[in-house]
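Reading through the structure tokens given below for one structure.
Nothing in this text is a laboratory measurement; each read-out follows from the coordinates by a stated rule. The model shown is predicted, which means the values in this text are computed figures rather than measured ones. Here the Cβ is made from the backbone with ideal geometry for all residues, glycine too, and neighbour counts use every protein chain on show.
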Amino acid sequence: MVEATAFWTERPGSGSLRSEPVGEPGDGEVLVRTLHTAVSKGTESTVFGGHVPVSEHDRMRAPFQDGDFPWPVKYGYLNVGTVEGGPSELRGRVVFTLFPHQSAFVVPGDAVVPVPEGVPPRRAVLAGAVETAVNVLWDAAPLLGDRITVVGAGMIGCSVARLAHRIPGAEVVLVDADPSRRAVAERLGVGFALPEEAPRDRDIVVNASGSEAGLRLALETVVDDGEVIEASWYGDRPVSIMLGADFHARRLTIRSSQVGAVALRRRDRRTTRDRLTLALDLLHDAAFDALLTSASSWRDLPQVLSALAGGRTADICHTIDWTDA
């Protein structure tokens, strides 16, 4: 029996660390000792703030969530650790698991995906964001030479921009209201613009800003007959957009994209595990380190979530170090 530490949201805007017993792995199970977790800023802030709509309480469950919405709930899905017990072929391997913030846990062996050699464990926590970006681009289906704008330089937007940059001839611009994101865009090898400078007539615009203003900008800047990929999730916050004016005359389309299901264009021939395995392989790219902006000890998780949910930090990806737990 192992005594683990886990983070729980106790009520809106407040969380705590709890001790939890973890048993020995059974047949086909693995015991994982966590190295790093990461906060999925948009979704986890929504959960932490108690903004998950009642209609989404079931669909929004994380794979290994404990508790029920709205609270108390143990939530999260970006976890990298080392297998300490289980099948010999996995023992000692560094793995990615869709598990909440917890120092050790037991899950089925098929719930972990080995991190490829050459991908640092801390960078590997970005697998969930890169997997989402893969799905967004499968939904968007960009072509060679496309002019692509990504609105919102958070973890998802930056991941989409970096992957899109690898398409031959593509011109990719990352748009964000925070001018400090220009340096991040440069490290990702893409262009940058403030909202008032955003280029027009773009073949594809992805909105990953999580904001009403970002979606409006996306509609304003996409080409006629173009498609906006909406990659944000707003929880229970209403969003108002202009569907009058030139929306119909320009024959615009808004397509939602989220990671819960494989994009329709690939659903008949790719599994979610295939998609996650691809994302981990894509993380051989050291440019993704630009997204790892801050790190804290697991002891500080309640304060970290409070700061992120309150908008008191400009972090892209805040990682949590569990190596001394």
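Annotations
- A DSSP coil position with no more than 10 other Cβ atoms inside 10 Å describes the following GluC sites (Glu not before Pro) in the stretch 73-158: Glu89, Glu117.
- Three principal axis extents of the stretch 1-134 based on alpha-carbon atoms, in descending order, are 42, 36, 22 Å.
- Separation in nanometres of the label points that stand 7 Å from Cα toward Cβ, at His248 and Arg187: 4.7
- Only beta bridges with both residues in the stretch 100-239 are counted; by DSSP, about 0 percent of them are antiparallel.
- Total formal charge among the other residues, if their Cβ is under 9 angstrom from that of Arg255, Lys/Arg +1 and Asp/Glu -1: -3
- Label separation (Leu194 vs Gln258): 3.4 nm, computed from points 7 Å beyond Cα along the C-beta direction.
- Taking the longest Cα principal axis of the chain as reference, the axis of helix 127-140 is set at about 30 degrees.
- Peptides 57-70, 178-191 ordered by average Cβ neighbours within 10 Å, highest first: 178-191, 57-70
- Footprinting exposure proxy for Leu126, Leu264, Leu194 (fewest neighbouring C-beta atoms within 10 Å first): Leu264, Leu194, Leu126
- Helix 272-282 and the longest principal axis of the Cα set of the chain meet at an angle near 80°.
- Å³ per residue enclosed by the Cα convex hull of the stretch 129-256: 96
- The mean sequence separation of alpha-carbon pairs under 8 Å and at least six residues apart, normalised by the residue count of the chain, gives a relative contact order of 20 percent.
- Choice from His248, His36, His165 showing the highest fluctuation, given a GNM over the chain with Cα pairs closer than 10 Å: His248
- The charge dipole of the chain, taken about the Cα centre with unit charges on the Cβ atoms of Lys, Arg (+1) and Asp, Glu (-1), comes to about 240 debye, rounded to the nearest 20.
- Looking at the chain, the DSSP beta bridges with both ends there are about 55 percent antiparallel.
- Neighbourhood charge, 13 Å Cβ-Cβ cut-off, centred on Asn79 and excluding it, Lys, Arg +1 and Asp, Glu -1: +1
- Translational diffusion of the chain was estimated from the Stokes-Einstein equation, with Rh taken as the Kirkwood radius over Cα pairs; at 37 °C and 0.692 mPa s the coefficient is 162 µm²/s.
- Leading residue at positive end of dipole, the stretch 129-256 (Cβ point charges), from Leu252, Ala170, Ser211: Ala170
- Pairwise FRET efficiency - Arg11 versus Ser240, Cβ, R0 = 30 Å, nearest 0.05: 0.55
- GNM result for the chain, Cα springs below 10 Å: residue of Gly26, Gly128, Gly214 fluctuating most strongly: Gly26
- Contact order normalised by residue count of the stretch 129-256, Cα under 8 Å, 6+ apart, percent: 22
- Fluctuation leader among Pro238, Pro116, Pro25 - the chain, Gaussian network, Cα springs under 10 angstrom: Pro238
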